[in-house]
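Engineer: Mind looking over this structure? Questions follow.
The values are calculated or read from the model by the stated rules, or taken from the named source; none is laboratory data. Because the structure is predicted, anything quoted here is derived from the model rather than measured. Note: ideal-geometry Cβ built from the backbone for every residue, glycine included; neighbour counts use all protein chains shown. Ligands, DNA and RNA are excluded from the accessible area calculation, which covers all protein heavy atoms including side chains. Shrake-Rupley method; radii C 1.70, N 1.55, O 1.52, S 1.80 Å.
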Amino acid sequence: MIHVRKLRKSYQDLQSGAFTALDGISFDAMPGQVYGLLGPNGAGKTTALRILSTVLRPTSGTAIINGFDVNESPEKIRHQIGFVSTNTAIYDRMTAWELVQYFGRLYGMDDDNLQIRMEHLFERFQMNDIRNVLGSKMSTGMKQKVSIARAIIHDPPVLIFDEATSGLDILVAREVLRTVEQLADQGKCVIFSSHIMTEVRRLCHRIAIMSHGRILAEGSIEDISQEFRENDIEELFYQIISKHEQEQQRSVLSG
Amino acid sequence: MKWSNVKLIFSREMRDQMRDRRTLFTVAVLPLILYPLMGMAMLQVSQFMREHPTDIWIVGAENLPESPALVVDGEINSKFANEKDQRLMQLVASQEDDREFKSLIQSFKENSKAHGSHLIDQLLDQQMASRNVDLAVVIPSVINSPRVVGADNGQREPPKIYIFHNSAKDKSKIAAQRFSDVIAAWQKTFVTDVLHENNVPQTLIRGVDVTNTDVADKAGVSAAMWSKILPFIVMIWSLTGAFYPAIDLCAGEKERGTFETLLSSPAQRSEIAIGKLMTVISFSMATALLNLLSMAVTGLFVYSRLTGGMEGLSMGPPPVSAILWLVIALIPISGLFSAVALAAAAFARSSKEGQYYLVPLMMISMPLMMIPMLPAAKLDLGTSLIPVSGLMLLLRGLIEGQYEQSLQFFAPVCGVTLVCCWLSVRWVIYQFNSETVLFRASERFGVGAWVKQIASQRSELPSVGNALLCCIMILVLSFFVSFSLGGVPDSFMSFAKVSIAQLVTTVLVPALFMAVMLSKNPWKSLRLNPCSVPIACAAVIMAICFHPLFMVFRELVMVVYPLTGDMTGFESAFENIMAGAPGVWAILLVMAILPAVIEELAFRGFILSGLESLKNKWQAIAIASLFFGLSHSIIQQSVITGVVGIILGIIAVQTRSILPCILYHATHNSLTVLLSQAQSHHVDGSPFLSRILQSPEDVGYEYNIVATVVMGVLAIGLLFWLIKFPPAEKAKKSEGPVAKDLETLGHQTAEA
């Protein structure tokens, strides 16, 4: 479903010069799977997900999503994905209903299907009370619900969640996680980035641990645990990242 | 592009903006309340200016004649001021026993020439301040009655009246204005009485009666005034009205995080850009129209109140046709300003940063809006080609009803405006497609880190930024050096020294310095690659063949932008300097060969190499030519050299060497010099020259039409051949696989 090969992204920065955010990452994610991207801040998770959602173009390498290449058919890919992130805010001066309807129309849905789908989603996420509430009047939880409804209005086969639970209270976060589980159960391919290890253990079938734009470990949580002989995922994450940091420092010192 | 998506985005943005109280306030509420409030304030100020009484201190009032009496019962004589003015001019009685007053009169009596001296002025200023008066009128000596003056038959010096006011104080200026009207009326009566006493007819002193009649009808006067104000108001408000929604739609969305949501939707970047642009245009137009309406209504009301009762100052409402033309012109004006504002706003990371861009945008637009307000500005081919200014002048002509003259330039104005609109829309779409613009991180700029980066990460060739920096350096240096070098040189040698020094310091040094500092391969950056003999010959032939066409183009430019009187004077001074040259070779060296070498190293060498990183050779050539044109200080020269720069750019890009460019440039310059120096014995002595040149008015030579056409066709053919079959590509192909492998190996070794 998602095949990422040698994906690389570099930027020019006025202060530090050329900066490589992604350094040739590769992974595969299948339908019905939740694929977790883990890493500290600045590891390159958001850049990778922005490339998968075609918001950014890769410097080199490729990603095939549901048969379409991010370099060649970004427009077609946008119909195949739903993107939710901490940054994907909702419009302050639009009601929940207007916002979901707007994106449904942008996805090319006809009015009848859109109406049925919206009724279903508003019922499913218990959002009927906030149909006519403006974005600026919504709580963070409400906003994230609307954001998810917006992302899945066109029933895409691929969903991308970029730290979607960050800043949410436990009740709303749980609801988001339940939604992700349900979506995977429906056969969707879900990419889920987070640095909350309990969420990752609960949701993800496979994970990739990233740091400095590279994948340091990749596979099922069990396989990685066995490889590093560590069952606690938080400890496992810490060991892999700190080992990489030390290697980096050594290579800098040795010139 | 799917227009259904554009429509969807447009309607969403419109609804969003209509729900934004700040936007609504700026667009609708502000114009509706601002002008009435301003009008009210103006009325109050004018009322203050008019109604506020002023105190006038008359020193030596007893010296005034009894008839005609200026002061009656401590007030201005009603014969010389209307009742209102009489009331507003309060006379301050002078005290007979005041010592300072007496000394003041004494000083005037003793030395009337002392008036104007610093000490008397100072004394009066102190006296006026201490007495709290706005005006002092000093009558130092007795003014005899007209009967007595008449009896003297004008033998004696006329008596003097001194009026002192303080121009730094508004009240004092008003008092001076009021009193000068009174004193003029009094003086006229005095003179009339004197003439009457001497039995001299009144008509004798008038000499000639001059009648000045304004033939403009009321509507014409009104239209002329509106034609100056309304286009300016429309322009300024369409820019302001575009800017705030543009910031909210781009920088605001980035700030709120909704932009990424939209970018991940199936809407293409161009659809998003156009949808947002249409919204900004709508708000820009609405702001301009509402301001126009509110200002016109308030202005009319205030003006009628201010000028009520004063003949010749009444102003009618703006003609209906004016409003119609303004509404039509508002579409491209708003389109242009909205696109520029949106592109600038797309660059901003936050609303706050976006607002910083308003000032530079205004600074660039204001001169273009102010040019048509100048009294001498008129619509001609030259001004019609200036963006914004041309449109304003066209509007002015149309509002004034000069349809015939205005419609002559309708096509160039529309053409330029549409090209500007198209370019700015392309810019917006480019901005929306650029990741570096949309996801600009908050980068901290450190000079040290930047220099280190430049030193450590020099690439083979300069970057676009390096090229643009070089262009800006050349322009800035040229500006300062041209000012520091002073006026016209007096001899050929000093002209040669100044020209060479100017070229070296402003063009050569920045280009060489930057090529060495900013690129790993200065040789390649300056495009100092060898070229084959046939290519070199082709460049020279092309320069010769293009020359007649350029001379025609030069004539056209001179018609569109004629030389001013100063420039014509400079031209004749320049001819005199050239006459003092040791020989034609010296002129060719200074004016043809050296500029060709230096300018090519900079513009087709370093700058074009850097601009080629744009990956669009035509864009690179256009930008390099634009700056090449701008580096010449005279507008006529800038236009001509800009076009020559395009041909030179094509040669440079297609041959990958500046040597043919130098040859072309030197040949072109040399031919221009030689043609200007051509004498009849040169031409008559050469069968070839006499066939291609003619001297229509026996003043200088020009190419005849046959030569121009034949050589022009040949030149264009050569240029197309160069574009179609670039020698650089051939050279690359002939290098073959071995050369390519070596190149790859070289890169790999460099990377390792």
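Engineer: Express in whole angstrom the spacing between the alpha-carbon centres of the range A:172-243 and the range B:239-293.
Structural biologist: 40 Å
Engineer: Right, next: With N denoting the number of residues in chain A, provide Rg(C-alpha) divided by 2.2 N^0.38 Å, to two decimal places. Show your work: numbers first, answer last.
Structural biologist: Values: Rg = 19.0 Å, N = 255, 2.2 N^0.38 = 18.1 Å.
Against the compact-globule rule of thumb, the ratio is 1.05.
Engineer: Given charges of +1 on the Cβ of Lys and Arg and -1 on the Cβ of Asp and Glu, with all other atoms neutral, how large is the dipole of chain B about its Cα centre, in debye to the nearest 20?
Structural biologist: Dipole about the Cα centre, nearest 20: 2940 debye.
Engineer: Okay, next question. Set the Förster radius R0 to 51 Å, insert the Cβ-Cβ distance between residue B:423 and residue B:192 as r into 1/(1 + (r/R0)^6), and round the FRET efficiency to 0.05.
Structural biologist: 0.15
Engineer: Please give the average number of partner chain Cβ atoms lying within 10 Å of the Cβ of each residue in B:250-263, rounded to a whole number. Mind dumping the intermediate values first?
Structural biologist: Values: counts 0, 0, 1, 2, 1, 1, 7, 6, 9, 4, 10, 14, 6, 8.
Across the residues of B:250-263, the mean count of other-chain Cβ atoms within 10 Å is 5.
Engineer: Next up: Which trypsin sites (Lys or Arg not before Pro) from the range A:167-247 combine a DSSP loop assignment with at most 12 other Cβ atoms within 10 Å?
Structural biologist: Those that pass, being in a loop and sparsely packed, are A:229.
Engineer: Would you kindly compute the Cα radius of gyration of the range B:461-751 and its largest Cα-Cα separation (Dmax), both in Å?
Structural biologist: Looking at the range B:461-751, its Cα Rg and Dmax stand at 20.2, 67 Å.
Engineer: Report ³J(HN,Hα) in whole Hz for each residue of the range B:654-663, in order, from the Karplus equation J = 6.51 cos²θ - 1.76 cosθ + 1.60 where θ = phi - 60°; Gly and Pro get x.
Structural biologist: 6, 9, 6, 9, 8, 4, x, 5, 4, 5
Engineer: When the Kirkwood hydrodynamic radius is evaluated over all pairs of different C-alpha atoms of the range B:341-447, what value in angstrom, to one decimal, is obtained?
Structural biologist: Final number for the Kirkwood radius of the range B:341-447 is 16.0 Å.
Engineer: What's the magnitude of the charge dipole for chain A around its Cα centre, counting Lys and Arg as +1 and Asp and Glu as -1 at the beta-carbon? Answer in Debye, nearest 20.
Structural biologist: 500 debye
Engineer: With Cβ to Cβ distances under 15 Å as the rule, what net charge do the other residues near residue B:30 carry (K, R +1; D, E -1)?
Structural biologist: So the environment of residue B:30 carries a net charge of +1.
Engineer: Related question: Which of A:74, A:130, A:210 sits closest to the plus end of the dipole of chain A, meaning its Cα is farthest towards the positive end, when Lys and Arg get +1 and Asp and Glu get -1 on the C-beta?
Structural biologist: Most positive-ward Cα: A:74.
Engineer: Please report the antiparallel percentage of the DSSP beta bridges confined to the protein assembly as shown, to the nearest 5.
Structural biologist: In the protein assembly as shown, DSSP labels about 55 percent of beta bridges as antiparallel.
Engineer: Let me check I've understood the local charge: for residue B:648, count other residues with C-beta under 11 angstrom from its C-beta, Lys and Arg +1, Asp and Glu -1. What total comes out? It would help to have the intermediate numbers written out before the result.
Structural biologist: Numbers: positive: B:604; negative: B:599, B:600.
Charge balance near residue B:648 sits at -1.
Engineer: Rg/Rh for the range B:492-582 to two decimals, with Rh computed the Kirkwood way over all alpha-carbon pairs.
Structural biologist: With Rh from the inverse mean 1/r over Cα pairs, Rg/Rh is 1.09.
Engineer: Using a 1.4 angstrom probe with every protein chain in place, what is the largest-first accessible-area order of A:79, B:681, B:668?
Structural biologist: Reading off the accessible areas and sorting them downward yields B:681, A:79, B:668.
Engineer: Where the centre of each part is set by its Cα atoms, how far does the range B:531-605 sit from the range B:328-343, in angstrom?
Structural biologist: 39 Å
Engineer: Under a point-charge model restricted to the Cβ atoms of Lys and Arg (+1) and Asp and Glu (-1), what is the dipole moment magnitude of the protein assembly as shown relative to its Cα centre, in debye to the nearest 20?
Structural biologist: The dipole magnitude comes to about 2000 debye.
Engineer: Do the sum for the protein assembly as shown: with -39,500 (n - 2.57) for every DSSP H run of n ≥ 4, divided by all residues, what is the mean residue ellipticity at 222 nm, to the nearest 500 deg cm²/dmol?
Structural biologist: Helices in the protein assembly as shown give a 222 nm mean residue ellipticity of -19500 deg cm²/dmol.
Engineer: Still on this structure: Using the reciprocal of the averaged 1/r over all distinct C-alpha pairs, how large is the Kirkwood radius of the range A:1-144 in Å?
Structural biologist: Kirkwood hydrodynamic radius for the range A:1-144: 17.4 Å.
Engineer: Right, next: Take the alpha carbon gyration tensor of the range B:229-309, find the square roots of its eigenvalues, order them as a ≥ b ≥ c, and report rounded if a/c is under 1.5; if not, report prolate when a/b exceeds b/c, else oblate.
Structural biologist: The shape class here is prolate.
Engineer: A further question follows. When the expected Rg is taken as 2.2 N^0.38 Å, what fraction or multiple of it is the alpha-carbon Rg of the protein assembly as shown?
Structural biologist: 1.31
Engineer: Something else now. Which whole-Hz couplings ³J(HN,Hα) result when phi for each residue of the range B:75-89 is put into the Karplus expression 6.51 cos²θ - 1.76 cosθ + 1.60, θ = phi - 60°, listed in order with x for Gly and Pro?
Structural biologist: 10, 5, 4, 4, 5, 10, 8, 6, 4, 5, 5, 4, 5, 7, 9
Engineer: Hey, can you rank B:181-187, B:648-654 by average C-beta count inside 10 Å, highest first?
Structural biologist: B:648-654, B:181-187
Engineer: Based on the alpha carbons, how large is the Rg to Rh ratio for chain B when Rh follows Kirkwood?
Structural biologist: 1.10
Engineer: Once every Cα of the range A:150-190 carries one equal point scatterer and solvent is ignored, give the base-10 log of I(q)/I(0) from the Debye formula at q = 0.18, 0.24, 0.35 Å⁻¹, two decimals.
Structural biologist: Here log10 of I(q) over I(0) equals -0.51, -0.85, -1.23.
Engineer: I would also like to ask the following. As I understand it, the dipole of chain B uses +1 on the Cβ of Lys and Arg and -1 on the Cβ of Asp and Glu, about the Cα centre. Which of B:322, B:541, B:605 lies farthest toward its positive end?
Structural biologist: Among B:322, B:541, B:605, the one farthest towards the positive end of the dipole of chain B is B:605.
Engineer: Got the relative contact order for chain B handy, in percent, Cα pairs under 8 Å and 6 or more residues apart? Present the calculation step by step, with values, prior to reporting the outcome.
Structural biologist: Details: 885 pairs, mean separation 80.8, N = 752.
RCO, chain B: 11 percent.
Engineer: Would you tell me the mean number of C-beta atoms belonging to other protein chains that fall within 10 Å of each C-beta in A:50-56, as a whole number?
Structural biologist: Per residue, the average neighbour count from other chains is 4.
Engineer: Rule-of-thumb check for the range A:78-144: C-alpha Rg over 2.2 N^0.38 Å?
Structural biologist: 1.09
Engineer: Hey, another quick one. Among B:563, B:674, B:629, which residue has its Cα furthest toward the positive end of the charge dipole of the range B:461-751, with +1 on Lys/Arg Cβ and -1 on Asp/Glu Cβ?
Structural biologist: My answer, from the dipole projection, is B:629.
Engineer: How big is the equivalent ellipsoid of the range B:380-424 along its three axes, where each semi-axis is √(5λ) from the Cα gyration tensor, reported in whole Å from largest to smallest?
Structural biologist: Calculated on Cα positions only, the semi-axes equal 19, 9, 8 Å.
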